[in-house]
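Here's the structure we're looking at; comments come further down.
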Amino acid sequence: MKKMLCVLLLMLLGVAWAGSVKVASLHPLLSDMARRVGGEHVEVVDLFPPNAQLHAFEPSHAALAAAAGCRLALACGKGVEPYLADLREAFGPQVLVLELGASVPDVEVPGGGVVDPHWWNAPENMKRASLALADALSAQAPEHAEAFAAAQGEYARAMDRLTREARLQLARVPRSARVLVTAHAAMCHFCKAFRLEPVAAQGVAKESEGDMAHLAQLLAKLRQSRVRCLFAEVQDSPKIIETLAQELGAEVRPLAMDGVAPDLLDYESLFLFNLRSICAGLAPEPPASTTTP
């Protein structure tokens, strides 16, 4: 962390891009939101590299140096970035570290007593976060507040369209099949928004290990529910999910639960990818989409 402090002390000597708010982002979906809400009045620096793992990521010295002169740093919050306290101390009062997840109500993992931090998996949450972002940008550059508000309105309407699309497609999933089994507890916000039951083989982070007694109980529950599809993180193929699928005679489909996929860089594309995968796994013939990525 001392090396990070040295890098940031140099970084703070940088000069922001003239006429814009320089924004550093700790997640690709937040970068996408910042570019769309900020438009031509922001310069966004991605600190999260391609193919990084969400729960193991920490910004590199080179990434922090590239953020020289930033006035705003966007974080997911809700515990996703355990290094935020150190980052705030290193940045100092010159940089606002904004946890966009703070604008989103908590959703607990069933039976776990912990909060699911993957709030971006529900479009309504992204809509809330975009309003918090527009307010923060307006505070940084009041002369562009009207432009930020208009762009946020467009973004909010896009999120509403995704919500309607999800309700339309998921309406075909029968009540008996509305069980979403994932490797780690990352879809609780999605399930609450669209009335599914989330079931996770592991904890909040996919690096968590499930004990054998828990897995035996889980297998019995899934057999009773006649689950025919399980879901794994798109960048990972956890052995636990594959083992459960073999025992159940079920298929495994991918989800970008952590919001990270190299070929799904905007929110609509990522959300629709997840929606189609879920519908294909839980309902055999989903209706034609009315929304395009």
(message) Using Cα-Cα distances under 8 Å and only pairs 6 or more residues apart, what relative contact order does segment 48-200 have, in percent?
(response) 20
(message) Just to check I understand the Karplus step: with θ = phi - 60° and J = 6.51 cos²θ - 1.76 cosθ + 1.60, what whole-Hz values come out for segment 218-227, glycine and proline as x?
(response) 5, 4, 5, 5, 5, 5, 5, 7, 6, 5
(message) If you count only protein heavy atoms with a 1.4 Å probe, what accessible area per residue comes out for segment 51-162, rounded to a whole Å²?
(response) 42
(request) Rounded to the nearest 500, what is the 222 nm mean residue ellipticity of the chain from helices alone, with -39500 (n - 2.57) per DSSP H run of 4+ residues and division by all residues? (result) -13500 deg cm²/dmol
(request) Determine the share of the chain's accessible area contributed by carbon and sulfur atoms, expressed in whole percent, with a 1.4 angstrom probe. (result) 54
(message) Restricting to bridges with both residues inside the chain, how much of the DSSP beta-bridge set is antiparallel, in percent to the nearest 5?
(response) 5
(request) State, to one decimal in nm, how far the label point of Arg178 lies from the label point of Arg164, with both points 7 Å from Cα in the Cβ direction. (result) 2.1
(message) From the phi angles alone, apply the Karplus equation (6.51, -1.76, 1.60; θ = phi - 60°) to segment 56-68 and give each ³J(HN,Hα) in whole Hz, x where the residue is Gly or Pro.
(response) 10, 6, 8, x, 7, 4, 5, 5, 5, 5, 5, 8, 3
(request) Take each of the peptides 85-97, 221-233, 189-201, average the number of other beta-carbon atoms within 10 Å over its residues, and list them starting from the highest. (result) 189-201, 221-233, 85-97
(request) Give, in nm to one decimal, the length gained when the segment between Gln246 and Asn51 is fully stretched (0.36 nm per residue of separation minus the Cα-Cα distance). (result) 67.4 nm
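The values are calculated or read from the model by the stated rules, or taken from the named source; none is laboratory data. Keep in mind that this is a model prediction, so the values were computed, not measured. Neighbour counts are summed over all protein chains in view; Cβ atoms, including those assigned to glycine, are modelled from backbone coordinates with ideal geometry. Side chains are part of the model used for accessible areas, which takes the heavy atoms of the whole protein and leaves out ligands, DNA and RNA. Shrake-Rupley method; radii C 1.70, N 1.55, O 1.52, S 1.80 Å.
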